[in-house]
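The values are calculated or read from the model by the stated rules, or taken from the named source; none is laboratory data. These numbers come from a predicted model, not from an experiment. Don't worry about glycine lacking a Cβ; one is built from the backbone with ideal geometry, like all the others, and counts go over all protein chains shown. Remember, those area values only see protein heavy atoms, side chains included, never the ligands or the DNA or RNA. Shrake-Rupley method; radii C 1.70, N 1.55, O 1.52, S 1.80 Å.
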Amino acid sequence: MIEHRPFLALGAVRNDWLDARLHFRVGDTGRAEHTPRGPLYVWNDDVFAPRSGFGLHAHRNVEIVTWVRSGAITHEDDAGNRARRLAERSLNGSLIVFLILLVAIMLAFPLLA
């Protein structure tokens, strides 16, 4: 079942370099009633301060999907891989959001695909 979660009702993390909204609870952070959906267990809307970000941290057996709404983001790993993503421009931004949601739903509920 698809559950509507208003943006302002999502769990939040705020500090000097990050303003994040959590669609699902991560550890002890976020709203207890916002449990993960099968393999889709983290979905955040993160806004980073310029020249900031997370330090090195593990990502084991997960796929990371990043959609840059404005500016740019650089991702590096401990193997020396580095990638920079710029904000994508579209005449129809709602199509991008729809496609991301569709992929997320298909990952969470593979029997529906």
With modelled with pLDDT under 80, out of contact with any Asp or Glu (no Cβ under 6 Å at 6 or more places or on another chain) and open to solvent by 90 Å² or more (accessible area, probe 1.4 Å) as the only criterion, which of Glu63, Glu76 stands out? Glu63
Within the range 36-46, track down each residue that is in a strand (DSSP E or B) and either more than 20 Å from Glu76 (Cβ to Cβ) or hydroxyl-bearing (Ser, Thr, Tyr) (or both). Arg37, Leu40, Asp45
Please go through (1) at pLDDT below 90; (2) in contact with a Gly (Cβ under 9 Å, 6 or more places away or on another chain); (3) of a type in the set (A, V, I, L, M, F, W, C); (4) open to solvent by less than 60 Å² (accessible area, probe 1.4 Å) for Ala12 and return the number of the only condition it doesn't satisfy. (1)
Conditions: (1) exposed (fewer than 12 other Cβ atoms within 10 Å of the Cβ); (2) under 15 Å from the mean Cα position of the chain (by Cα); (3) small (Gly, Ala, Ser). Ala20 meets all but one. Number of the miss? (1)
Which numbered condition Leu86 fails, given (1) modelled with pLDDT of 85 or more; (2) under 21 Å from Val26 (Cα atoms); (3) hydrophobic (A, V, I, L, M, F, W, C): (2)
Given (1) outside any loop (DSSP other than H, G, I, E, B); (2) open to solvent by 60 Å² or more (accessible area, probe 1.4 Å), where does Glu33 come up short, assuming only one miss? (1)
Take the range 36-60 and flag every residue that is open to solvent by 100 Å² or more (accessible area, probe 1.4 Å) and among the hydrophobic types (A, V, I, L, M, F, W, C). Phe54, Leu56
